[in-house]
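K.L.:
Below is one structure. I have some questions about it.
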C-alpha cells in the first residue's frame, strides 16, 4: 500500500484488507464520533419540507453557512452538505432528515457540548424559517408519498433499487432517523472483541432507545419501528452478521463480506454510475460494463480505493466497520439520549476490564438467541424475553459494567465530574422499564387524545 493513491486502480484483495487494518490506533488516539439525524418539519402545518423554497432544506443549510461559517458542499449546483473546520459535517438523508456527523472527540463531555452547540445553531436558523426539528426514530405522521426527495445522485440509484430487494427500503430512506456512535480499535484482536460485544448487545440498545411507536398518525405495534424497517430493507446488506462470532473472524473475513454485498454505484466526476446489484469482485476483475447519465464503465476498468471506501458505506449491518466501528442500532431522540448513547458504548468498549466483563456476559449466547433478540426487540422492547429474564434485566447488568468503565476512564469536566452522569437517563429507563416509546404511547392514549401532533411541540429541539 505504500505510495498507493486512492484514485489508482486496486491491484489485489490485500489492499482491501489493509484498508480496515489501517484503522488500528493506539489507545491514546481513540476518539468518539457521534452521528444523529432529526426530522425537519414546518411549524405551520407539520409537513416535511423539500430542498427548494424559502423554507426548504437548502435554505436551512444556507442559513447555517451564512450565520455560523459552515462551508457548503454542492452537487450540480445545489447545496447538499456542510463541513466545518473541526472535522464535523452536516449531511442530508433522502427525505431531508438532518444529520450531524460529529467531530472525533476525546470525551463524552466534548460530545455533549458539540450536540448542544449544533442544536442551538439549527434552532436559531429554524426559527428564522418557520421550521422545527424533532428527534424520533420514524416519522410519526406522514406517508412515504408525502415526503420530498433530496437532490443527491446516489439516492436516485438507491430509490430505484430498493423495491427490488425489500418492501421497507424506501421507508428506511425517507422516514427513519437514528443516532449512532463511531469508536476506534487498537488492533485486529481488539476490533474482534469490540465487534462481538457491541453486535450481541445491539438489541438491548434498540430497546433502551426505542422511540418510534407511531406510523401515519397511529400506533404501529412496535417500540422501534425504525429497527423493524431494517429487517425488510435488503437481506444482502443488513442484519446481525453471524460470521463475526466464528473462529478466525478478522479483517479478511469482513473484507470478504463487503465484497459480497451488492454494489449501488461508483462516483465519477459529479455523477454516479448505476451499478446496483453488481458484484465488486467482478469489478475488480474488470468484468463490468455500464453507462449511466453519460458516464461509462468499460470492460477492463477497475475500481479505486475511493470506490471501495464508498462501497463499504453501502452495507447496513447492526454494527459496521469502516476504519472504526459504527454502532447503528438506535432510534433518534432528545439531547440527553444523544449524549447517553456514546456514554453507554464508551463505558463498555474503551476500558478493557469493562470490555472483558461485557464479553463474559454475551460470549455463550447462540446465533439463534442473538437473532431472536434482534427480531423481537423492535416489537417488545425491554420486555423481550431471554433465558427466563428480559432485556431489561440484561440492561441492569450492562449499566453496571458501563458505569464502571466510565469511572475507570476518569475523564473529568471543568467541575470535576466524570462521564458516568450521562448514563443516568438510561439507568432510569432500565429501573422503570419504560422506554421512550412506551412513554409516548402513554401520552397518546392520555393527554394527547389519540393524536400524534402534540409530539411535534412536546419533543421538538
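The values are calculated or read from the model by the stated rules, or taken from the named source; none is laboratory data. Being a predicted model, the structure only gives us computed values, none of them experimental. We place every Cβ from the backbone using ideal geometry, glycine too, and count neighbours over all the protein chains shown.
K.L.:
Where in the stretch 147-204 are there helices (runs of 4 or more DSSP H), lying wholly inside it, with at least 3 residues that are surrounded by fewer than 18 Cβ atoms within 10 Å (Cβ to Cβ) and at pLDDT 95 or above?
P.N.:
153-165
K.L.:
Restricting to the stretch 400-417, give me the number of residues that are surrounded by fewer than 12 Cβ atoms within 10 Å (Cβ to Cβ) and farther than 24 Å from residue 361 by Cβ.
P.N.:
Final tally of qualifying residues: 3.
K.L.:
Look at the stretch 41-53 and say how many of its residues are outside any loop (DSSP other than H, G, I, E, B) and buried (at least 20 other Cβ atoms within 10 Å of the Cβ).
P.N.:
1
K.L.:
Considering only the stretch 235-262, how many residues are part of a loop (DSSP other than H, G, I, E, B), under 19 Å from the mean Cα position of the chain (by Cα) and crowded, with 16+ Cβ neighbours inside 10 Å?
P.N.:
4
K.L.:
Residue 361 fails exactly one of the following numbered conditions: (1) assigned to a loop (DSSP other than H, G, I, E, B); (2) over 13 Å from the mean Cα position of the chain (by Cα); (3) over 19 Å from residue 30 (Cβ atoms). What is the number of that condition?
P.N.:
Exception for residue 361: condition (1).
K.L.:
Listed residues 447, 431; which is over 22 Å from the mean Cα position of the chain (by Cα) and outside any helix (DSSP H, G or I)?
P.N.:
Being over 22 Å from the mean Cα position of the chain (by Cα) and outside any helix (DSSP H, G or I) holds for just one of 447, 431, which is 447.
K.L.:
Go through 381, 347, 333 for me and flag whichever is at pLDDT 95 or above, assigned to a loop (DSSP other than H, G, I, E, B) and within 27 Å of residue 424 (Cβ to Cβ).
P.N.:
After ruling out the rest, the residue left standing is 333.
K.L.:
Could I ask something else about it? Restricting to the stretch 73-129, name every residue that is out of contact with any helix residue (DSSP H, G or I) (no Cβ under 6 Å at 6 or more places or on another chain), part of a strand (DSSP E or B) and more than 22 Å from residue 181 (Cβ to Cβ).
P.N.:
Selection gives 73, 74, 75, 78, 80.
K.L.:
Continuing with this model, one more query. Please find, among 69, 56, the residue that is over 25 Å from the mean Cα position of the chain (by Cα) and either free of Cβ contacts under 8 Å to residues at least 60 places away in the same chain or surrounded by fewer than 18 Cβ atoms within 10 Å (Cβ to Cβ) (or both).
P.N.:
Just a single option satisfies the conditions, and that option is 69.
K.L.:
Is one or more of the residues making up the stretch 368-379 closer than 19 Å to residue 406 by Cα, touching a residue at least 60 places away in the same chain (Cβ under 8 Å), touching a helix residue (DSSP H, G or I) at 6+ places or on another chain (Cβ under 8 Å) and surrounded by fewer than 19 Cβ atoms within 10 Å (Cβ to Cβ)?
P.N.:
Checked against the condition, which is being closer than 19 Å to residue 406 by Cα, touching a residue at least 60 places away in the same chain (Cβ under 8 Å), touching a helix residue (DSSP H, G or I) at 6+ places or on another chain (Cβ under 8 Å) and surrounded by fewer than 19 Cβ atoms within 10 Å (Cβ to Cβ), the stretch 368-379 yields no hits at all.
K.L.:
Does residue 231 qualify as being in contact (Cβ under 8 Å) with a residue 40 or more places away in the chain and under 30 Å from residue 297 (Cα atoms)?
P.N.:
No; evaluated as a whole, the condition is false for this residue.
K.L.:
What single numbered condition from (1) touching a helix residue (DSSP H, G or I) at 6+ places or on another chain (Cβ under 6 Å); (2) buried (at least 18 other Cβ atoms within 10 Å of the Cβ); (3) closer than 23 Å to residue 437 by Cβ fails to hold for residue 345?
P.N.:
Of the numbered conditions (1) touching a helix residue (DSSP H, G or I) at 6+ places or on another chain (Cβ under 6 Å); (2) buried (at least 18 other Cβ atoms within 10 Å of the Cβ); (3) closer than 23 Å to residue 437 by Cβ, the odd one out for residue 345 is (1).
K.L.:
Is it the case that the stretch 207-219 has a residue that's assigned to a helix (DSSP H, G or I), touching a residue at least 24 places away in the same chain (Cβ under 8 Å), under 25 Å from residue 307 (Cβ atoms) and under 19 Å from the mean Cα position of the chain (by Cα)?
P.N.:
No; the residues of the stretch 207-219 include none that is assigned to a helix (DSSP H, G or I), touching a residue at least 24 places away in the same chain (Cβ under 8 Å), under 25 Å from residue 307 (Cβ atoms) and under 19 Å from the mean Cα position of the chain (by Cα).
K.L.:
Can you say whether residue 306 is more than 15 Å from the chain's Cα centre (by Cα) and either modelled with pLDDT of 95 or more or in a loop (DSSP other than H, G, I, E, B) (or both), as far as the supplied structure shows?
P.N.:
yes
K.L.:
Still on this model: Give me the residue from the stretch 100-118 that is over 10 Å from residue 34 (Cα atoms) and in contact with a strand residue (DSSP E or B) (Cβ under 8 Å, 6 or more places away or on another chain) and, out of that set, surrounded by the fewest Cβ atoms within 10 Å (Cβ to Cβ).
P.N.:
Among those that are over 10 Å from residue 34 (Cα atoms) and in contact with a strand residue (DSSP E or B) (Cβ under 8 Å, 6 or more places away or on another chain), it is 106.
K.L.:
While we're on this one: Being in contact with a strand residue (DSSP E or B) (Cβ under 7 Å, 6 or more places away or on another chain), surrounded by fewer than 24 Cβ atoms within 10 Å (Cβ to Cβ), touching a residue at least 40 places away in the same chain (Cβ under 8 Å) and closer than 30 Å to residue 162 by Cβ: is that true of residue 319 here?
P.N.:
Yes.
K.L.:
Further question on the same structure: Which one of these does residue 90 not meet: (1) modelled with pLDDT under 95; (2) touching a strand residue (DSSP E or B) at 6+ places or on another chain (Cβ under 7 Å)?
P.N.:
The single condition residue 90 does not satisfy is (1).
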